[in-house]
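Input: a single structure, listed below in structure tokens.
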Amino acid sequence: MSYIQTLMNGEQALFSARKLTPMQRITLRFVVVGILYYGVAVIEGMIMRIYQIEPITFLGSDHYFAILTAHPLVGIFGSTYLIVFGAFLFVVPFLMKKPLWSIKLANTTFWLITIGTFVFWFSGFLTHYAPLYTLYWPLPADFNQFDPLSGAIFITGIAIVMLGAVFFVINIFKTIAYTPEGWEKQPSGALLADAIGYSGLRNMFRRKSKQKEHLVDIPVAAIARGTVDTALNAGIILFTGVLILVYMVAAIMGYDLKTTAIDALLYKNWFWWGLDLIADGLVLIFVAGTWYLLAMMITGRKIFMQNIARAALLVELIVSWTVWSHHLLSDQSQPGILKIVSGELVTAFELITQGLAFFVTLATLWLARPLKMTNELKFLLGGLLGFGLAVPAGIMQADIGLNRILHNTQWIMGPHVHVAILVGLTMTLYAAIYLLFPLLTNGAKLYSQKLANFHFWAHLIGGIGMGAFMGMAGLQGMLRRTIYYEGEFNLYMILAGICGFMLLLAFLAFLYNIIMSVGVKGVLGIFMPSPNKTKDLLPAETK
Amino acid sequence: MTDSSLVLYGQTIAYTCYAVVIILVIAWFGFAITRKGKGNKVSKTLFYSFVSMLVILGVSLHIVTFNTIPWVSMDLDRKNIQADQVFDISMENHQFILPQEKFVINCGEKVMFNVTSNDLTYGFGLFRQDNSMMFQMQVVPGHVNDILWEFKENGIYTIRSTEYSGPKGHQMIIKDVVHVIGCE
């Protein structure tokens, strides 16, 4: 095939969008748009990396902070939520061997998150609404700095995303518990109890002979468990969004509501409680679930020590609900008891729950050796390494003593946040994409293994390197959320910029590889209406 | 009091060593699982030992820092400690409002910085001449934001807001405002 033919029709023209089932089609839509939003986040990140070396003259500081506000939100909601939700809406019915409860609702989720992300990104781009994702009160309602109308559009965009998240939650739990048409009545209560880890906990205290068989696979249990946090998080963000909108609508109508009516510290507590359900709840649990899924599918074996792994998922439920105070260790009015119990001790438990998932995944792989070093396996190992680096960094900063000299420095953003997200989370998601690629495309072939190898090494070295150099700058006192005009930390920022550029190259290599694998026609075909009306996950001929 | 730069130095050494070890472990693991090995077993003892090690590490970190970083116990007990000097500072409209032009602190004095915000959430940090951070805290409107610090080294320090308070607030800096004198 000529280059142009491959570009248009994909590697060996093996992919045909017409043959996709509606479920494959919707899953691929989630993943493709999620990847594109990841590209937006990477480009924004690169602009900020350049800005940290030398402020760009035609880009004012207000635009810089608008990018800083949009960047994590596009990365988490526009990219991660879409990829994760899309994959899980496929994986849960796939592992449970029954159709998704509602494909229509899945489509609604896709459009809500896609449109919501575009709305808040575009609002920030045009109007420079920049309260950051933390929305510390009363900054989002500070109309001396921000226009209330642009803020209202921005917050509405976030609310639309959260609505999409709520629909995802409903679809996941309904899929676990419902009885498909023509099936024998399913034990809904028992399925849900097993899904949230209750059965695993009970089994730990039963003799082996009396242990009950699990009704759902462990990745489904992890997905269900993380979905609980997704629901709570959506509730908190929606509630906060409505509260901010009240102030904005009042300002638009000419009323000046007093911001002191809301206690800034109480607000910070509830908002961080909700935000941490993403950072310390669903991310860690969804990642653990994806590790288990990958380990199971790569090895074809059951997960090592799975009762304990399941029980740990339930323990993590308690941990993620009570861990938020580590974000308030530098708030002097925060009660000391909350700092010690929630901020330090409960947070330290994350070392145990995530460490356990780390060990269980490695042990499952070890038991199946020798394994072939496939793309999914190498990216899985990269993801494990990412969390192996980032979680201890987080535990260190969640210490009253160390937080005094680390809070709001580049240390937080480098070795902890970016290594966790870029190396830990993103490499895990890439592993899942490489694993599910043949299944979702009915056997399409990857265009270039060399590009996949480059993708792996450039992403791994770029991600760890960027985190490390940001961390070094942070230890020297460089703050996050600010601009340095005199090149105070230029050595570290240039090195971090080079590593950031490697991440950009890695992404471009991956994107090019995927486009060449399925072809431009194939990518566009995913967004066409499906001629196939089946509720089956895979076409009959590939089952 | 132990200088915060010394604590950061210790942290840098500890974390760098850990990072090198974990990278090597994963690299070795990646190599080993592609090879046939003797006995594909993972003992439960290894698993429980690993979990026990995590518990010990998680808890001992805080016990160690409580006992070795002097500002931790002082911070938690600051209401019962008599400060040698108290500086009341306000923040409003993205500006610091200082009670005096220069804060002069004698070596060994315990100083309370009492910072209030009249509008937004800010931060309050003290920075050395080389831009490294001495300490910081959040400044939340409507609440008491106080930090007690003992100074044991001569130096001239800069005050800077360490929290984002909108595009107007990213350069809230007053250079060379704190002077510590008298240390040998």
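Throughout, read-outs are computed from the coordinates displayed, never taken from laboratory work. Just so it is clear, the structure is predicted and the values come from calculations on it, not from any experiment. Counting neighbours? That spans all protein chains shown, and the Cβs are built from the backbone with ideal geometry, glycine included.
Counted by Cβ distance under 14 Å from A:Met478, the other residues give a net charge of +2, where Lys and Arg count +1 and Asp and Glu count -1. What is the distance in Å between the Cα centres of the range B:135-175 and the range A:219-262? Between the Cα centre of the range B:135-175 and that of the range A:219-262, the gap is 29 Å.
Full extension of the chain between B:Asp3 and B:Val59 yields a length gain of 17.8 nm, computed as 0.36 nm times the residue separation minus the alpha carbon distance.
To the nearest Å, what is the center-to-center distance of the range A:59-98 and the range A:462-493, using C-alpha atoms only? Taking the Cα centre of the range A:462-493 as reference, the centre of the range A:59-98 is 25 Å away.
With a 10 Å cut-off around each Cβ of A:258-268, the average count of Cβ atoms from other chains is 3. So which helices of chain A fit the span-like rule, where a helix is a whole DSSP H run, its Cα atoms reach 24 Å or more along the axis, and its mean Kyte-Doolittle is at least -1.0? Helices passing the filter in chain A: A:22-53, A:103-127, A:148-177, A:218-252, A:347-367, A:375-397, A:449-475, A:490-525.
Amide H to amide H, with H built 1.01 Å from N, B:Ile105 comes under 5 Å of B:His179, B:Val180, B:Ile181, counting only residues 5 or more places away or on other chains.
With both residues required to sit in the protein assembly as shown, DSSP beta bridges show an antiparallel share near 70%. As a rough guide to protection, the peptides A:265-272, B:92-99, A:448-455 ranked by mean Cβ packing within 10 Å, highest first, stand as A:265-272, A:448-455, B:92-99. Note on A:57-66: average number of Cβ atoms from other chains within 10 Å of each residue's Cβ is 2.
Label 7 Å along Cα→Cβ of A:Thr179; the range A:79-103 residues with amide nitrogen under 20 Å? Of the residues in the range A:79-103, A:93, A:96-102 have backbone N under 20 Å from the label point off A:Thr179.
Near A:Pro180, once Lys and Arg are set to +1 and Asp and Glu to -1 for all other residues with Cβ below 15 Å from its Cβ, the sum equals +2. Among the chymotrypsin sites (Phe, Trp or Tyr not before Pro) within the range A:60-92, not one is in coil by DSSP while having at most 11 neighbouring Cβ atoms inside 10 Å. When each of the peptides A:424-433, A:116-125, A:138-147, A:8-17 is scored by the mean number of other C-beta atoms lying within 10 Å of its residues, the order from highest to lowest reads A:424-433, A:116-125, A:138-147, A:8-17. Using a ≥ b ≥ c from the Cα gyration tensor of chain A (square roots of the eigenvalues), is it rounded, prolate or oblate, where a/c under 1.5 gives rounded and otherwise the larger of a/b and b/c decides, a/b for prolate? In terms of gyration-tensor shape, rounded.
Charge dipole of the range B:84-140 (Cα centre as origin; +1 on each Lys and Arg Cβ, -1 on each Asp and Glu Cβ, all else neutral): 140 debye, rounded to the nearest 20. A Förster radius of 35 Å, combined with the Cβ-Cβ distance separating B:Glu153 from A:Asn144, puts the computed FRET efficiency at roughly 0.30.
Remark: mean inter-chain Cβ contacts per residue of A:325-332 equal 5, using a 10 Å Cβ-Cβ cutoff to other protein chain atoms. For chain B, the longest principal axis of the Cα atoms and the long axis of helix B:4-32 meet at an angle of about 20 degrees. Once the chain from A:Phe125 to A:Lys535 is taken as fully extended at 0.36 nm per residue, the excess over their C-alpha distance is 143.6 nm. A:Gly463 sits among other residues whose Cβ lies under 15 Å from its own Cβ, and their net charge, with Lys and Arg +1 and Asp and Glu -1, is +2. As a rough guide to protection, the peptides A:162-169, B:29-36, A:242-249, A:521-528 ranked by mean Cβ packing within 10 Å, highest first, stand as A:162-169, A:242-249, A:521-528, B:29-36.
For the range B:4-68, the convex hull spanned by the alpha carbon atoms encloses 86 Å³ per residue. Using a cut-off of 18 Å between Cα atoms, the listed pairs A:Lys97/A:Lys535; A:Lys258/B:Lys168; A:Lys174/A:Lys533; A:Lys185/A:Lys212; A:Lys450/A:Lys521; A:Lys97/A:Lys210 include A:Lys258/B:Lys168; A:Lys174/A:Lys533; A:Lys185/A:Lys212; A:Lys450/A:Lys521; A:Lys97/A:Lys210 as exceeding that distance.
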